[in-house]
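Everything below concerns the one structure shown next.
The values are calculated or read from the model by the stated rules, or taken from the named source; none is laboratory data. Quick caveat, the model's predicted, so the values are computed rather than measured. Methodologically, a virtual Cβ is constructed for each residue, glycine included, from the backbone with ideal geometry; neighbour enumeration extends over all protein chains shown.
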Amino acid sequence: MVQFTRTVLSNGLRVLVHEDKSTPLVAVNLTYYVGSRDEAMDKTGFAHLFEHLMFSGSKNIPDFDDPLQHAGGENNAFTTNDYTTFYEVLPAENLETALWLESDRMLSLNISKRSLDVQRKVVIEEFKETCLNEPYGDSWHHLSEMMFHKHPYRWPVIGLVPEHVENATIQDVRSFYKNWYTPSNAVLSIAGNVKSNEVVELAEKWFGSIPAGNKPMRLIPEEPKQSAPQVREVMANVPVPAIFIAFRTPARLHPDFYPVDLLSDILAQGHSSRLYRRLLKEQKLFSQIDAYVTGNVDPGLLVIEGRPAEGVSIQQAQEAIWAELDLLKKEPVALRELQKIQHRFESTVVFAETSALNKAQNMAFYEHLDRAELMNEEVDIYLGVTPEDMHRSAIDLFQPDNSGTLIYVPAR
C-alpha cells in the first residue's frame, strides 16, 4: 500500500507526494498526458521528438544535465502511445534542483532552429537504427497498421515515417509544445525522504505561477470491431523467419483487461508458462517465444511473437500456437495454475514498491489513467479473477477474426 497526498495547484497541476523515510533519495516524476495518439496523421513522431527536445535547454538553463549532475542526480525520459514521462533521482536534500529544472522547461523551453535541427537529426538516426536497419525493427509499423485503421494507435510511438520529423517546422513544434506541455495536462509525482507539506510549498514556488494553458481537445476516433483476420508476409533482411500474432484487447480500465493480462502470463511468463514449456522446451518448435499486452489507455493488443526452430515451417509454428490458444478456449485454466501467476503478479508489485522511482511513476500513471488510488486496488482486482473469467476472455479474444498475423521471411 502506497500512502500519498494529492494537491491540485490553481493552474491545474496535480502534485502527488509519497513519504518514504527508508531511502536518502527522492524521485521526481513529471508526466504529461500526451503521446503518439495525440499527433496528426501527417505529423507523427512529435511526442517522441519532444522527449529529446526537452533536454535542449530552457530560458534560464542552457544545459539541463549539468546542474542535476552537480546535485548528485540522474535523469531520463520515455514516450508511449498515451503519455510522456520525465524523471530525476537525486539526494532528497537537493529536491529543489529538480523542481527548478522541470519548471523552467515547462514554462519556457528553448525551441530554436538550432535545437530543433540537432534533435531532429538524433530522432531520425534513431528511427533508422531501430526501425529500418535492425532485424524485425519495423514490426510495430506493420502490426499497428494491420490492427488499427481509424484510431491513432495505427502508427508507432517513433512515428510513421522519418520525413514527418524531418519536415517539422519551428511553428509546428512550438504549437505542439504550447498545446500539450502545460500544468493542467501534467502530473508531478514525488516519492522519497521528504515531507508532503514542504514538497507542496516547493511545487507552488516553482510551478504555481506557470499559466494553466488551454485544456487540450481530444477527438480520437473509436476503432471499429475487426471482422476478418489480417495477414501480412514481409520479405526482409532478417536472420531467421519470425511470426507475430496480435489480438485486439479491451481498454486498460475495462474489467476484461485483467483476465486478458493474466492470459498473457499463462502463455509466456517464465519457464513454466505454456508456450515456453510446451512449444520451446518439449516440442522444440521455437528457439524463442513470448507474449505480452500493450496495456494502452484505449483498446490495445495482446501480441505473441516467436522464431521457429531450424527446420520448423511457419505453418507448423502457427498451428502449434493456435493449438495452445484453442486449449484455453476449450477448458478453463486450472485454479492452481491461475493462483500461481496471480501470486507472482502480487510479489512483483510488492517488489516494485521498494523503489522510490517506481512508486513515483506508478502514482503518475494511475492518476492519468483514472486516479492514483487505483494503484493500491489493482492487486485485489487481479486476485479476484476466476478461471471462468479467464475462459470467457479467451473465447472472446482468441478468434481468427480478431487476429493479425505478421510473418517475416529472410530475403535470401
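Below is a table of values for the structure above.
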{"item": "Near pairs, Cβ below 8 angstrom, 6+ apart or cross-chain, from segment 383-412 (more than 11 Å from Pro229 (Cα to Cα)) to any residue that is exposed (fewer than 15 other Cβ atoms within 10 Å of the Cβ) and of a type in the set (S, T, N, Q)", "result": "Pro410/Asn237; Ala411/Asn237"}
{"item": "Options Leu90, Leu99, Leu95, Leu49; residue that is surrounded by 18 or more Cβ atoms within 10 Å (Cβ to Cβ), touching a Leu at 6+ places or on another chain (Cβ under 6 Å) and either modelled with pLDDT of 95 or more or not in a helix (DSSP H, G or I) (or both)", "result": "Leu99"}
{"item": "Checklist (1) part of a helix (DSSP H, G or I); (2) out of contact with any strand residue (DSSP E or B) (no Cβ under 7 Å at 6 or more places or on another chain) applied to Asp172, failing item", "result": "(2)"}
{"item": "Any chance Glu222 is within 15 Å of Val17 (Cβ to Cβ) and loosely packed, with under 15 Cβ neighbours inside 10 Å", "result": "no"}
{"item": "Selection count, segment 165-184, where residues are surrounded by 22 or more Cβ atoms within 10 Å (Cβ to Cβ) and either within 30 Å of Leu302 (Cα to Cα) or of a type in the set (A, V, I, L, M) (or both)", "result": "2"}
{"item": "Test set (1) of a type in the set (A, V, I, L, M, F, W, C); (2) in a loop (DSSP other than H, G, I, E, B); (3) within 24 Å of Gly311 (Cα to Cα) - Ala251 fails condition number", "result": "(3)"}
{"item": "Residue within segment 362-370 that is more than 25 Å from Pro250 (Cα to Cα), modelled with pLDDT under 95 and of a type outside the set (S, T, N, Q) present", "result": "no"}
{"item": "Residue match in segment 61-74 (condition: crowded, with 17+ Cβ neighbours inside 10 Å, closer than 30 Å to Asp370 by Cβ, of a type in the set (A, V, I, L, M, F, W, C) and within 27 Å of the chain's Cα centre (by Cα))", "result": "no"}
{"item": "Matching residues, segment 132-156, being closer than 16 Å to Asp82 by Cβ, in contact with a Phe, Trp or Tyr (Cβ under 8 Å, 6 or more places away or on another chain) and assigned to a loop (DSSP other than H, G, I, E, B)", "result": "Pro156"}
{"item": "Unique residue being among the basic types (Lys, Arg) and touching a Leu at 6+ places or on another chain (Cβ under 9 Å) when the list is Arg277, Arg248", "result": "Arg248"}
{"item": "Residues of segment 10-46 satisfying the condition of being assigned to a loop (DSSP other than H, G, I, E, B), β-branched (Val, Ile, Thr) and crowded, with 22+ Cβ neighbours inside 10 Å", "result": "Val34, Thr44"}
{"item": "Lone qualifier among Tyr258, Tyr292 - being assigned to a helix (DSSP H, G or I), assigned by TED's automatic domain parsing to the domain that holds Val385 and hydroxyl-bearing (Ser, Thr, Tyr)", "result": "Tyr258"}
{"item": "Matching residues, segment 102-121, being assigned to a helix (DSSP H, G or I), of a type outside the set (Gly, Ala, Ser) and closer than 24 Å to His70 by Cβ", "result": "Glu102, Asp104, Arg105, Met106, Leu107, Val118, Gln119"}
{"item": "Residues of segment 333-368 classified as touching a residue at least 60 places away in the same chain (Cβ under 8 Å), within 27 Å of Ala98 (Cα to Cα) and crowded, with 19+ Cβ neighbours inside 10 Å, total", "result": "11"}
{"item": "Failed item in (1) modelled with pLDDT of 95 or more; (2) in a helix (DSSP H, G or I); (3) of a type in the set (S, T, N, Q), with Ser189 passing the rest", "result": "(2)"}
{"item": "Looking only at segment 114-147, and only at residues there that are among the charged types (D, E, K, R) and surrounded by 14 or more Cβ atoms within 10 Å (Cβ to Cβ), the one that is farthest from Asn402 (Cα to Cα)", "result": "Arg120"}
{"item": "Conditions (1) assigned to a helix (DSSP H, G or I); (2) under 20 Å from Pro410 (Cβ atoms): number failed by Glu129", "result": "(2)"}
